[in-house]
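Worksheet: the structure to be examined is printed underneath.
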């Protein structure tokens, strides 16, 4: 079955890049512009994997992940953090919030798909 | 366009059977490739365009688009006739341009093969040189194949010849 | 890729606008942390995208910029005046870099270096423009460099798979013994051992043994506990790093040991029971096992006991009810329930709790779709007009039922049209936002002090109008500073504030948008303007002109106050060009000026370019439309007002003035004989340069809103005709190009079809 990926990023460029890369790799893609909209999307849609940015208006990536992890419906969804910040602090904060893994921007499509494979059955 | 539909179109252009729509202008018969034809409609009075070439009848409203009308009789060098209800407008699309060709009447649709099409004879007439790209002899009739592109009015920007 | 680039640069423009307006608010004294965050995010986003397109210069500069903004964000750098100025300058440089990245051309290296050095000085770190962003190092850590996106490489995936399948056949394979015991936290973060094992087996030949020895008895078993461990013997040609990288995401959430060779795992003793309980408690408490959470509140610990007693069935619900450990570094807009424990910062209210996140619903629509809809509505308007005309023709319109139905239809059509136009409408903000930078630059070059005040930024107008407004506005603002405002010394001497004021405001007025550009400078120097106009032969030396007429001289083609032209207002563009471009939008420009107090330029523009209000007239049995914006007044001339003037020309006398009388029918070649002026109507029109003329038509049919249709799409340009429209009778009517008609009559091209044809 085709997997559905939810991408959460306030940058349209990044959303489009993800869309292109993910669709090319055969995924279904849902999009949200920030954490708030991400939660909104998850109200009536299921995602197999979530890819989220960290720096976003209204609800940032950390907050978004915490909310998802607290939601009984989506708590088991793998979440990959997408960020240019590759420093240890951001990663460990994302991990504490419940992130499954991370992708460092700018990403190579192969690495992106690779990361998804490493977290999803 | 996917490869399949591209192949289909290809087929229509070069394949053995080719459809042409025949019509009368003056006392002669002409035809054009049916692929260029969008629709055929009756004559409605046109709004005159200032400073236009004599063969441009003006413009009419084609479902909200402004459609220039070419008087084929004048364009082909026949004396002008008063357009009336029995006249017909053949709406053609060439590249992105849509224009109407005013003709006397549409006669029939011909299915011909490339082999049946003859080169235009070498005559002095400007009309023949510019607009006719081939001839058909069918049941004793002579039908000239028009090059639609050359019939169109010259554009200001010189885009269309 | 091109469309991605396009999206990226569009987004850059948005982010740059956000950046600038944010910085201006900060400069204005705002201390809203959300603004600082937004400013930071703007630069951050540009950097992120630029990285993907390998725009090195942009990445480098954005990185330096971002570092400083991060300092501001963390409160380590105050935003006092010199700092914001530096940041604004950096924003300008960033905008330049974006533009160069998009359009090519050269960057002003010196400006970049100066700005980067200023930024570096602020952040206190030794980063210059040439410093490598730290990210670049980490790109390499991750195994790739910031390459431009290249999507066709998707084929690689298949290749990788093939290689790994064949791996076991390779001669120099190594065997690793991997022992892997997940912690509960691994499951909490949605990692899945099965996936990891699958990935491991992709690397080569994997023998997997599961250790179930720590599974407790059924009654002790916790549904979300971690009891399994695995020992994998992997034979692969891959390096140990490749093997480790599979466990990258779970580092710290598991016990992992990788031993080269076939040695048995030394870690197969069961995990301590204490460990598991601790882990479970941590899970129940709120999921985290990381040391970051050491500040677990007493309330939470107390709850642990309750949960422990209640058993697993209620554990999950209880966990949801218990406040989880707060992340220490509080972010303004993080609407976690625990925010209630501490008084939230004012801004945090913006973001609601997870139960009901408020979203400002917007959708992005392809412009083509809106345009198609706009066209259809145009059809509807025409159709409605045709229908009402037919009912009138049939004598039915007076029937009350038809009349009511028709009225409703008309109203609905009108509402739909307005609705669709509203979709295309955008606030003028996007143009106004570009002006502060312009003002800073012009002020710097002229050595003047300028304060720009903008009002009515939210006033909406059609997107196309906005796009075409930028150039004239830019020029008028330049003009206001360069010519309008005095030097600081002169201002002080005149008893004014040293700092000049330029006010840019927009508002809606009777179905049009009105934009004022006002300065508090010296006002128009009418004597000088007159002198220049005389010198250039634009007016007769002794012409009687009102103040207003003198002011309007600056719009005349060929009028350029050459002696004061600097490299700012100059560039070979005069106010005549401004006026022309505004008129091309169906707009008008006017000036009011008071000596010593300043000048105000007022632009009045239609809200859309898709429709216009026109006067429908008859000329030689043809129906024409004259845009209402060009018509000053209409009159029925008396035969005595018309005078011959030279060979073919005629003039009409109006209030002690003689105006050229233009016979539209002849001008357009509809007739060769002059019309009888006594039988027709004269339309007094204003054309280029504010000159007035009278257009002679046969009759006026009425005024109405019309939908503009392109003639060029299927035909081409027609001299003297601006566009076409479709009237209620379904026929095409031409819209007169007033300026072209007047210009053609002036050059004597009238009455000559060939002249027109050649001119075309």
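The values are calculated or read from the model by the stated rules, or taken from the named source; none is laboratory data. Small disclaimer: the values here were computed from a predicted structure and weren't measured. Here the Cβ positions follow ideal geometry from the backbone for every residue, glycine too, while neighbour counts run over all protein chains shown.
So the values come out like this:
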read-out	value
Residue within segment B:131-144 that is part of a strand (DSSP E or B), closer than 30 Å to residue C:726 by Cα and touching a residue at least 40 places away in the same chain (Cβ under 8 Å) present	no
Exclusive hit being more than 14 Å from the chain's Cα centre (by Cα), at pLDDT 80 or above and more than 24 Å from residue B:43 (Cβ to Cβ), set B:137, B:158	B:137
Strands (runs of 3 or more DSSP E) wholly inside segment C:439-543 containing at least 2 residues that are at pLDDT below 90	C:460-462, C:500-509, C:512-519
Test: residue in segment C:2-13 that is farther than 21 Å from residue C:59 by Cβ, part of a helix (DSSP H, G or I) and modelled with pLDDT of 85 or more	no
Matching residues, segment A:73-107, being at the interface with chain C (Cβ under 7 Å from one of its Cβ atoms), more than 11 Å from the chain's Cα centre (by Cα), at pLDDT 80 or above and part of a loop (DSSP other than H, G, I, E, B)	A:76, A:98
Test for residue A:120: is it over 28 Å from residue C:58 (Cβ atoms), within 9 Å of chain C (Cβ to nearest Cβ) and touching a strand residue (DSSP E or B) at 6+ places or on another chain (Cβ under 9 Å)	yes
Hits in segment C:728-760 - residues which are more than 9 Å from chain B (Cβ to nearest Cβ), at pLDDT below 85 and outside any helix (DSSP H, G or I)	C:728, C:729, C:747, C:748, C:749, C:750, C:751, C:752
Answer from A:113, A:41 - the residue that is part of a helix (DSSP H, G or I), more than 9 Å from every other protein chain (Cβ to nearest Cβ) and either within 22 Å of residue A:13 (Cβ to Cβ) or at pLDDT 90 or above (or both)	A:41
Segment C:695-727, subset outside any strand (DSSP E or B) and farther than 16 Å from residue B:153 by Cβ, residue nearest to the other protein chains (Cβ to nearest Cβ)	C:720
Residue within segment B:32-47 that is assigned to a loop (DSSP other than H, G, I, E, B), within 30 Å of residue C:374 (Cβ to Cβ) and at pLDDT 90 or above present	yes
Test set (1) within 11 Å of the chain's Cα centre (by Cα); (2) over 24 Å from residue C:6 (Cα atoms); (3) part of a helix (DSSP H, G or I) - residue A:18 fails condition number	(2)
Residue match in segment C:31-45 (condition: away from chain A (no Cβ under 14 Å) and surrounded by fewer than 19 Cβ atoms within 10 Å (Cβ to Cβ))	yes
Some residue of segment C:681-694 being under 26 Å from residue B:69 (Cα atoms) and modelled with pLDDT of 85 or more	no
